[in-house]
Structure formats: C-alpha cells, structure tokens
1. Could you pull out every residue, at least 5 positions away or on a different chain, whose amide H is within less than 5 Å of the one on TRP63? Hs are placed 1.01 Å off N in the peptide plane, and Pro or chain starts have none.
2. Taking the beta-carbon count within 10 Å as an exposure proxy, list MET121, MET101 from fewest neighbours to most.
3. Hull surface divided by four, with the convex hull built on the Cα atoms of the chain: how many nm²?
4. For the chain, what's the relative contact order in percent, using C-alpha pairs closer than 8 Å and at least 6 residues apart?
5. Kindly provide the pair-distance distribution of the range 237-320 built from C-alpha pairs, with 10 Å bins from 0 and whole-percent values in order of increasing distance.
6. Quick check on the range 130-177: what does the Kirkwood estimate of hydrodynamic radius come out to from the alpha carbon pairs, in Å?
7. Residue by residue, what Karplus-based ³J(HN,Hα) values in Hz, rounded to whole numbers, does the range 257-273 have, using 6.51, -1.76 and 1.60 with θ = phi - 60° and x for Gly and Pro?
8. If you filter the range 35-139 for GluC sites (Glu not before Pro), then keep DSSP loop positions with at most 12 other Cβ within 10 Å, what is left?
Amino acid sequence: MATAGPLSSPTPDDLGQEPPLLDLDRLEARARERLPADVYDYYAGGAELATTLREATGAWRGWRLRPRVLRGVSTVELGTSLLGSEVRTPIGVAPWAYQAMATPEGELATARGAAAAGALMTVSTSATHALEEVRAATEGPAWFQLYRLHSTAHTEDLARRAGDAGYRALVMTVDLPLLGRRLRDLRHDFALPADLRMANHPPADDGERPGLRSLETATWTFDDVARFGEISGLPVVVKGVLRGDDAVRCVQAGAAAVWVSTHGGRQADPVVPSAAALPEVVAAVGDEVEVYADGGLRAGSDVLTALALGARAVFLGRPVIWGLAAAGQAGVTAVLDGLTAELAHTMALCGLASVREVPRDTVAPARAGGGG
Ligand SMILES: Cc1cc2nc3c(=O)[nH]c(=O)nc-3n(C[C@H](O)[C@H](O)[C@H](O)COP(=O)(O)O)c2cc1C
C-alpha cells in the first residue's frame, strides 16, 4: 500500500509531458503513489455503484465535432468573463474539500496554481485553510462555495465572511441535502486526519470535530438563494442543478448563474450525466443567466463540447486534485494550462476564433438519437 512521503518540490518529470500533451492518467498514477490508500479513495471514489462517476467522461464523448473550414483562424482567444470577472481560460477549479491531505499547503497552493494559469478558483466550505487566508494568497478571481455549517447562524456568518473577504460570488451547492453513500469511504471509515481541520468551521458546541455529515443542506429551499445573496452581498451561483425546471426556479429565486453538476458522481447515483443535463438547462435559462458545467471533463475536446452545448465555462475536480497531489502548485498550473492548450488546439482545428462564440451546431450526436 502506498504511503505519503513528504511532498517535495515537483520536477518536470512529475508533470508528464509538456502541454498540449498533458497525461492525466500518469498524473493520477503519480498522485496515487504518493497518497495513503484511504485518501486516494476519498478523492477518486463515487457514491453507491459509482455509475455516474463511470459514465461522466463517456457522455461528453457521445458528441462529435463539426469543424468549419476556411475561416482564416490563426489565433484563438481563450479569455472570457465569469459574472464580470476576467479570466484567461474558461476552465476553472471546482470546489473540493480537504486539500491539505494532498499537499500541506492545500488550498493555498491550488489558489496560486490557478492564478498562474489565469483561471478562476472556487474555494470549498470544507477547506483546510481559512477562507480569508486562501483569498489573501493571490490576486486572482475566486468564488466561495457554501454548505450548511452546524447552525443557521454559523452558516450566515460564513456567507458574510465570504463577502467581506473579497470573493466575487457565492456558490451554493445544493446536491448535498444528505451526504452520498460513498462505499470506499465507508469501508475505510474515512475521516480527516487528526492533524488537519476544517478551517472554516467554528468549534462545535459539543466539542465534536465536524465531519462531512455536518455540511448537509436538507433544510435549504429556493428562498435561501436570495437570503444568502443578501447576507453575503454577492451574486449567487447554484451548483448541482440537473433539470431545466429547477434551473428556472433558481433564476426566479434570484440566482445569477446555474452550475450543472453531479458532484463528481459522489451524491445521488445513478443520475443523468452533466453532458445530458446541460442542453436542457441551457434551453431553460441560457438566455438569462450564465450556465457552467463540470464532471468528467478530461480533454480539450470535452471542454469544447461543453462550450458548444451552451456552457460559458467548465470546472475541473479530480484532474486538479491529481495535479496538486502529484506536483503541488506547479501541478495545478500544468493541468489547467495543459487542458487550455488542448482546447485552443481543437478550436483552431474547428475554425473557431473565440471561446465566447462557440455555436451550438459545432457538435452533433455521435449516433442518431445519441449525444448523451
Ligand atoms: C474529493 C472531492 C471533494 C469534493 N468536495 C466538494 C465540496 O467541498 N464542495 C462542492 O461543492 N463540491 C465538491 N466536490 C465536487 C466538485 O466540485 C465537482 O463537482 C466534481 O469534482 C467535478 O467532477 P470531476 O471530478 O470529474 O472533474 C468534490 C469532488 C471531489 C472529487
């Protein structure tokens, strides 16, 4: 079984080949060698039979590109804006918990790695560094992801702190009314190592260490969208939407953006893949608000498919985790730069000049009646 050695500075060898030949499988293998088995399984695993996790990448690949020719595209513009924040790439970092298990600097290293790539980072409630500390680590744009803490008052305080610290949006994750049954974690009886803490949590009244169950949001309703927006003073992004009718209700409730996600296959399972839900959500609200997607995006062509289906940006979970665990801050940058380079390359091959203008007819279902 692999044990975690002290994580040293990355060498070029840790990062696989230069972009655009980013080798995510190799990076994951390297991360796996460095991490204790229960930590690797926590990062890698899905809920129940892990059907959603297994199907996520393949669902993006149920679409085929339809390149345009003779468009005179010699440079590709990758920059865009997300709720008004300028970014150099439409590929951002999804919120993920417990980053100091991957490397001691945890969220600080991820923030610096993302800023070096010009990418937006979303910081999780269950971070191992306080949200103020992560925000102060870079000048890059960042959003804060909200779960429920162990009381309404604590949760409201957290939303307020996110606004005060300079985050540019509050991402309410709504697909965790209860924690998904992650069988690998149950087998390991997985818990955050004793030397680490959920740094955004105030001490519980009963002195118990908070665990992932403390984050459950079963009491939240659509009314909480406007409420947390007011408390934080930030635009609210609702993350974990898989239906057009829910997206409409989120927007009616005041959401500034909707994020299509299956939580990396870690919650309800089996559910529709993001690649199948995205067109429905875009059809419902895409003219009114920005729509993002995540889940299983592993190649520049997957990202281009998501943009064609109407996502303004996409977010990465595990690829960034493997980058951080294998090679620290430089690994995060390498993953974001590598996939962005792949995206640019694929766009040039398809005659597309800007990530802001990727027409829907850039993709067609791989098979008649397919596409998801
Ligand atoms: C180890 C791990 C921890 C996660 N923690 C959070 C979290 O704290 N908050 C949240 O909203 N989503 C969390 N997610 C879900 C991610 O934000 C994202 O939706 C998902 O990882 C995207 O899929 P991908 O890993 O295939 O790229 C987590 C995912 C993983 C793999």
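1. Residues meeting the criterion, in which the H sits 1.01 Å from N, are ALA366.
2. MET101, MET121
3. Values: hull surface 70.1 nm².
Quarter of the Cα hull surface area: 17.5 nm².
4. Relative contact order for the chain comes out at 28 percent.
5. The percentages, shortest bin first, are 20, 55, 23, 1.
6. On the way: mean 1/r = 0.0887 Å⁻¹.
With all distinct Cα pairs of the range 130-177 included, I get 11.3 Å.
7. 7, 10, 10, 7, 7, 9, 6, x, x, 9, 10, 4, 7, x, 10, 4, x
8. Loop-located and lightly packed - GLU139.
Bear in mind that the values in this text are calculations on the coordinates, not laboratory data. Bear in mind that the values here come from a model prediction, so they are computed numbers and not experimental data. Please note: Cβ atoms are built from the backbone with ideal geometry, for glycine as well, and neighbour counts cover all protein chains shown.
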